[in-house]
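Undergrad: Take a look at the following structure, please.
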Amino acid sequence: MNKNSSNMMALAPNTSNKRETVCIFGTGDFGRALGHKMIQSGYPVVYGSRSTQISNLIPKDAEVLSHAEAAQKAAIIIIAIQRQHYNFLTPLAEVLRGKVLVDISNNLKLNQYPESNAEYLAQLLPGSKVVKAFNTVSAWALQSGTLDASRQVFVCGDDVEAKQMVMNIVRALGLTPLDKGSLLAAQEIENYPLQLFPMWRFPIFLSLGLTAFFFLYCVALDIIYTYIYENNNFSFFIAITIPNRVCPVMALVLLALVYVPGIFAAIIQLYRGTKYRRFPDWLDKWMLCRKQLGLIALAFASLHAVFTLVTPMRAFVSWRTGKGIISQALNNKTEPLDHTNAWLSDSYLALGILGFFLFVLLGITSLPSVSNNVNWREFRFVQSKLGYLALILCTAHTLVYGGKWFLSPSAYKWYLPNIYILSLIVPCAVLVVKFVLIFPCIDKPLTQIRQGWERNPKYSE
């Protein structure tokens, strides 16, 4: 009775300035790093270990006892050991009854076991209150203090009071707790650190596929065709020229693909006459990865800017310029300035600079540190209104630069269009459909639908 009452007293909210003692089972890398961080935050820490000898690795202000003795000193026990070693806890079931057990373990692969480690721990010790936390924070981040990239801590558990106690510790360590609900969420939390850029897979694979296609397309038209029919060896184009054609094409196409799902969503909602039905799964996934597509597009646009800046330093450009000068000198004739070409050149450069500026602005606004400081309307204005303006400027940049090839038969090698013509298909289609959607006769019913109006309410889900 006295033991249970002491546990209940320990579980009561601590109203004094003194922190409650925290017990850590396990003296591995994470256990030591977490203990050191807790001591810095004012928590008395006691380690439960098979060996009670003090090691130089253990924080100097921490106490090391046997598992049973350490557990009796604290109401919160952090289990910093792997799942395969949980069986040693079974003989301690009576000592751990009523205690808060914080499971911080991770697995080696996704869904390695039928149930989560936290649920398995709860099955082994039904008298304890199991909470899942800290598994998304690395030992290195705790030791070095570099927590910016892993400041958020997911927490879940069935006991509200126990979960609140753990979240208070998370806050005291300078981290941000995020309540994920009951212990059923532990499986998802344990899978999270094992996922390798889950939202980036589709954008990266799509970008790699399109890059390979456009690169091979340029090699075929600019190198292979020229070598076969004109007997010119331009294989060195692979280093600068072709990448400087592929990068702007990829930037423009990917930027257009950012806004394609919004177009599809508007058309689907107009067709259904309601917003209360789920979009197809492929459209949902596409909409969720728009940020990643936009950032990859920005990376290609940045590469295009760098490649363009180094163009005057190329040997091929110097040779071609020198050849033109010598040709004019030998012919004793100076070619007059082509004002039309000068206007086109300055225009597409100006459009490219403005488009790249908006590109960078979109990328900066997508950063959490920036987006958290603007309201939803401001964020939507930048990402939607300025985003479409960036798409218009980049499309115009490509039109002005590549327009001369549209009606030129020599540009259609092997009857294939120039790469710049291909790059305009998706953005021009997006802009045309978007222009139609902003007509009042279409925009008004679409706005009503998005505000909750339904054409046939009985079909809403």
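The values are calculated or read from the model by the stated rules, or taken from the named source; none is laboratory data. Being a predicted model, the structure only gives us computed values, none of them experimental. Virtual Cβ from ideal backbone geometry, glycine too; neighbours counted across all protein chains shown. SASA here: full protein model, heavy atoms, side chains in, ligands and nucleic acids out. Shrake-Rupley method; radii C 1.70, N 1.55, O 1.52, S 1.80 Å.
Residue by residue, here is whether (1) open to solvent by 40 Å² or more (accessible area, probe 1.4 Å); (2) within 23 Å of the chain's Cα centre (by Cα); (3) not assigned by the TED database to the domain that holds residue 48 holds:
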position: 116; (1), (2), (3): no, no, no
position: 121; (1), (2), (3): no, no, no
position: 129; (1), (2), (3): yes, no, no
position: 159; (1), (2), (3): yes, no, no
position: 178; (1), (2), (3): yes, yes, no
position: 186; (1), (2), (3): no, yes, no
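Undergrad: Scan segment 216-240 residue by residue and report those that are polar (S, T, N, Q) and open to solvent by 20 Å² or more (accessible area, probe 1.4 Å).
TA: Correct list: 231, 232, 233, 235.
Undergrad: Which members of segment 345-369 meet the condition of being farther than 18 Å from residue 297 by Cβ and surrounded by fewer than 16 Cβ atoms within 10 Å (Cβ to Cβ)?
TA: Listed by number, the residues that qualify are 345, 346, 347, 349, 350, 368, 369.
Undergrad: I'm trying to understand the selection: among the residues of segment 275-290, which are surrounded by fewer than 18 Cβ atoms within 10 Å (Cβ to Cβ) and either polar (S, T, N, Q) or under 25 Å from residue 361 (Cα atoms) (or both)?
TA: 285, 287, 288, listed by residue number.
Undergrad: What do you reckon, is residue 315 within 14 Å of residue 240 (Cα to Cα), in the same structural domain as residue 366 (by the TED database) and free of Cβ contacts under 8 Å to residues at least 24 places away in the same chain?
TA: Answer is yes for this residue.
Undergrad: Looking at 220, 133, which is the one that is over 25 Å from the mean Cα position of the chain (by Cα) and of a type in the set (Gly, Ala, Ser)?
TA: One residue alone meets the criteria, 220.
Undergrad: Just one of 317, 219, 249 is of a type in the set (A, V, I, L, M) and within 28 Å of residue 392 (Cβ to Cβ); which is it?
TA: The unique qualifying residue is 249.
Undergrad: Consider residue 388 carefully, then state whether it is on the phi > 0 side of the Ramachandran plot and out of contact with any Asp or Glu (no Cβ under 7 Å at 6 or more places or on another chain).
TA: So residue 388 fails the test.
Residues are listed down the side, and each one gets a yes or a no for (1) open to solvent by less than 50 Å² (accessible area, probe 1.4 Å); (2) modelled with pLDDT of 90 or more; (3) within 30 Å of residue 387 (Cβ to Cβ); (4) in contact with a strand residue (DSSP E or B) (Cβ under 9 Å, 6 or more places away or on another chain):
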residue	(1), (2), (3), (4)
300	yes, yes, yes, no
305	yes, yes, yes, no
309	no, yes, yes, no
313	no, no, no, no
316	yes, no, no, no
320	no, no, no, no
331	no, no, no, no
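Undergrad: May I ask you to list the residues in segment 101-147 that are part of a helix (DSSP H, G or I) and touching a helix residue (DSSP H, G or I) at 6+ places or on another chain (Cβ under 7 Å)?
TA: 117, 118, 119, 120, 121, 122, 124, 139, 141, 142, 143
Undergrad: Residue by residue through segment 188-208, note down the ones that are surrounded by fewer than 16 Cβ atoms within 10 Å (Cβ to Cβ), of a type outside the set (A, V, I, L, M) and under 20 Å from residue 105 (Cα atoms).
TA: Correct list: 188, 192, 193, 195.
Undergrad: Which residues, counting only those in segment 397-419, are open to solvent by 30 Å² or more (accessible area, probe 1.4 Å), modelled with pLDDT of 80 or more and over 17 Å from residue 219 (Cα atoms)?
TA: Within segment 397-419, 397, 399, 400, 401 qualify.
Undergrad: I would also like to ask the following. If residue 57 passes every condition in (1) farther than 24 Å from residue 162 by Cβ; (2) of a type outside the set (D, E, K, R); (3) surrounded by fewer than 16 Cβ atoms within 10 Å (Cβ to Cβ); (4) more than 39 Å from the chain's Cα centre (by Cα) but one, which one does it miss?
TA: Every listed condition holds for residue 57 apart from (4).
Undergrad: Output the number of the condition that residue 113 fails; it satisfies all remaining conditions of (1) modelled with pLDDT under 95; (2) in contact with a strand residue (DSSP E or B) (Cβ under 9 Å, 6 or more places away or on another chain).
TA: Evaluating residue 113 over (1) modelled with pLDDT under 95; (2) in contact with a strand residue (DSSP E or B) (Cβ under 9 Å, 6 or more places away or on another chain) leaves (2) as the failure.
Undergrad: Also, quick follow-up: From 237, 214, which residue is over 21 Å from residue 433 (Cα atoms) and either touching a residue at least 60 places away in the same chain (Cβ under 8 Å) or in the same structural domain as residue 118 (by the TED database) (or both)?
TA: The unique qualifying residue is 214.
Undergrad: Here's a follow-up. When you scan segment 347-455 for helices (runs of 4 or more DSSP H) that lie fully inside it, which ones turn up with 2 or more residues that are under 24 Å from residue 213 (Cβ atoms)?
TA: Passing ranges, in order: 387-402, 419-423, 425-437.
Undergrad: Right, something else. In segment 78-112, what residues are buried (at least 23 other Cβ atoms within 10 Å of the Cβ), small (Gly, Ala, Ser) and in contact (Cβ under 8 Å) with a residue 60 or more places away in the chain?
TA: Of everything in segment 78-112, just one residue is buried (at least 23 other Cβ atoms within 10 Å of the Cβ), small (Gly, Ala, Ser) and in contact (Cβ under 8 Å) with a residue 60 or more places away in the chain, namely 105.
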